[in-house]
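Accompanying notes for the structure given below.
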Amino acid sequence: MRIGFDIGGTKLAAIGLDEDGVERARLRRPVPESFDGVVDAVVEMVAELASAGVHAPGVGVSLPGVITRDGEISMIVNLPWLEGRPLRQALEARLGCPVALANDANCFALSEATDGAGAGAEVVFGVILGTGVGGGLVVRGEPLVGANASAGEWGHNPWPTPGGAGVPCACGRFAQGCVETWLNGAALTRDYAALGGAQATAAEIGARAAAGEALAADTVARYAERLAQALASVINLLDPDVIVLGGGLSEIDALYRLVPAAWGAHANVAQPATRLVRARYGPESGLRGAAWLTPSIVSAVAGPS
């Protein structure tokens with residue numbers, strides 16, 4: 001069996017999967033606002049899972065931050081009490097088993113590459129489109145972290161097309177905005193309002209477009225064109241077999257038709273073979289991906305046979 005944890009901004013979730021990826025148990029509680037509190041909570045939840053018959057040789061943990069190849073927390077904005085602290089070592093000492101930490105976008109991509117919408121593909125790029133824009137990359141079943149722990153993080157690249165009045169990003173790096181400021185939920189809402197629409201959330205705009213509202217459909221089409229431009233640069237650089245969309249905006253059905261129809265105009269090949277698909281597990285992928293980390297940790301700790 002495998003055990004995975006997802007430590008988010010407000011929730012601490014745990015899951016137990018069997019070897020076939022079938023969920024055997026799930027737990028959830030608020031995130032403690034201290035380092036020791038998080039360690040205690042994880043240890044307690046592992047014990048709860050054990051009492052439910054879920055036992056695993058290691059534990060995987062998904063976190064919304066920069067996690068190095070050595071599994072150390074380099075930066076984690078939403079959980080400052082964990083930044084720079086030895087979470088992996090503390091958990092291993094308390095649990096007596098190997099623990100792996102990974103970025104939540106990498107866990108999302110790993111889940112979808114393992115038994116989700118990208119299962120069986122050699123190169124899978126996972127995209128999260130929501131309040132922020134993130135990404136993770138899985139190659140031959142293993143998350144690619146990179147020398148700077150930033151592989152797949154396309155959301156804070158500069159917008160690829162010259163011109164346009166970009167919105168300054170919170171990262172403060174690019175005057176015309178990052179990819180995130182052009183493709184997050186706020187960008188869709190802002191564009192709809194600029195075209196004359198009433199105040200609406202990204203989800204509402206997507207629903208209105210699906211229901212036939214012309215203004216909403218136009219807004220979604222404009223968004224799809226921008227997404228196609230940005231993903232074309234991913235195709236040019238990584239040439240993934242599959243791009244999996246997650247996050248709230250991934251629920252807009254029209255994207256899976258409009259984006260592949262448009263990205264060839266911006267890619268090195270006119271008709272990319274890359275598939276664009278919706279995440280199979282949606283919001284659960286990060287948690288499931290953390291559980292799928294377990295075999296990697298065990299083999300890494302055990303070393304070659």
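Rule-based calculations on the coordinates, nothing more; no lab input. Predicted model only: the values in this text are computed from it and were never measured. Neighbour counts are summed over all protein chains in view; Cβ atoms, including those assigned to glycine, are modelled from backbone coordinates with ideal geometry.
222 nm [θ] for the chain, helices only, -39500 (n - 2.57) per DSSP H run of 4+, per residue, to 500?
For the chain, the value works out to -11500 deg cm²/dmol.
With the Cα gyration tensor of segment 1-151 giving a ≥ b ≥ c as the square roots of its eigenvalues, does the rule (a/c under 1.5 for rounded; else a/b larger than b/c for prolate; else oblate) give rounded, prolate or oblate?
The shape class here is oblate.
Could I have the simple spin-label model distance between Arg190 and Ala261, label points 7 Å from Cα toward Cβ, reported in nm to one decimal?
It is 2.7 nm.
If you take every DSSP beta bridge fully contained in the chain, what fraction is antiparallel? Give it as a percent rounded to 5.
Restricted to the chain, the bridges split so that about 60 percent are antiparallel.
Work out, step by step, the length gained on full extension between Thr68 and Thr131: first 0.36 nm times the residue separation, then minus their alpha carbon distance; give nm to one decimal.
Difference between extended and current length: 20.3 nm.
Amide H of Gly247 versus every other amide H placed in the peptide plane: which residues, excluding those fewer than 5 positions away on the same chain, fall under 5 Å?
Distant-sequence amide H within range of Gly247: Leu129.
For segment 1-147, give the share of DSSP beta bridges that are antiparallel, in percent and rounded to the nearest 5; count only bridges with both residues there.
Among the beta bridges of segment 1-147, antiparallel pairing accounts for roughly 75 percent.
Could you check the spin-label model distance between Asp253 and Asp20? Points 7 Å from the Cα along Cα→Cβ, value in nm.
3.1
With axes computed from alpha carbons, what is the tilt in degrees of helix 104-115 against the longest principal axis of the chain, rounded to the nearest 10 within 0 to 90?
90
Which residues' amide hydrogens lie under 5 Å from the amide hydrogen of Arg24, considering only partners 5 or more residues apart or on another chain, with H built in the peptide plane?
Residues meeting the criterion, in which the H sits 1.01 Å from N, are Gly16, Leu17, Asp18.
Considering amide H positions built from the backbone, and no H for Pro or chain starts, which residues 5 or more places from Gly177, or on another chain, come under 5 Å of its amide H?
Those lying under 5 Å, H to H, from Gly177 are Cys169.
Ordered by residue, what ³J(HN,Hα) values in Hz, to whole numbers, does segment 201-216 give under the Karplus form 6.51 cos²θ - 1.76 cosθ + 1.60, where θ = phi - 60° and Gly and Pro are x?
Once rounded to whole Hz, the list reads 7, 4, 5, 5, 5, x, 5, 5, 5, 5, 7, x, 5, 5, 5, 5.
Given a Förster distance of 25 angstrom, what is the FRET efficiency for Glu83 paired with Arg28, based on the Cβ-Cβ distance and rounded to 0.05?
The computed FRET efficiency comes out at 0.60.
Give, in nm to one decimal, the length gained when the segment between Asn148 and Glu204 is fully stretched (0.36 nm per residue of separation minus the Cα-Cα distance).
Contour length minus Cα-Cα distance gives 16.4 nm.
Once phi is turned into θ = phi - 60°, what whole-Hz ³J(HN,Hα) does the Karplus curve with 6.51, -1.76 and 1.60 give for every residue of segment 73-82, x standing for Gly and Pro?
7, 8, 8, 8, 5, 6, 10, x, 6, 9
What percent does the relative contact order of segment 117-279 come to when contacts are Cα pairs within less than 8 Å and at least six residues apart?
25
Multiply the residue gap between Asn268 and Val167 by 0.36 nm, knock off their C-alpha separation, and tell me the result in nm, one decimal place.
Fully extending the segment from Asn268 to Val167 adds 33.6 nm.
Could you work out how far the C-alpha centroid of segment 77-115 sits from that of segment 1-23, in angstrom?
A separation of 12 Å, based on Cα centres.
For helix 185-194, report the angle its Cα long axis makes with the longest principal axis of the Cα atoms of the chain; keep it between 0 and 90° and round to the nearest 10°.
Between helix and principal axis, roughly 20 degrees.
Treating each Cα of segment 117-279 as an identical point scatterer and ignoring solvent, apply the Debye formula and state log10 I(q)/I(0) at q = 0.12, 0.14 Å⁻¹.
Log10 of I(q)/I(0), two decimals: -0.50, -0.69.
Which values of log₁₀ I(q)/I(0), to two decimal places, follow from the Debye formula for the chain at q = 0.12, 0.15 Å⁻¹ with a uniform point scatterer at every Cα?
Log10 of I(q)/I(0), two decimals: -0.79, -1.16.
Pairs of alpha-carbon atoms within less than 8 angstrom and 6+ residues apart define the contacts here; what relative contact order does the chain have, in percent?
Worked out over the chain, it gives 21 percent.
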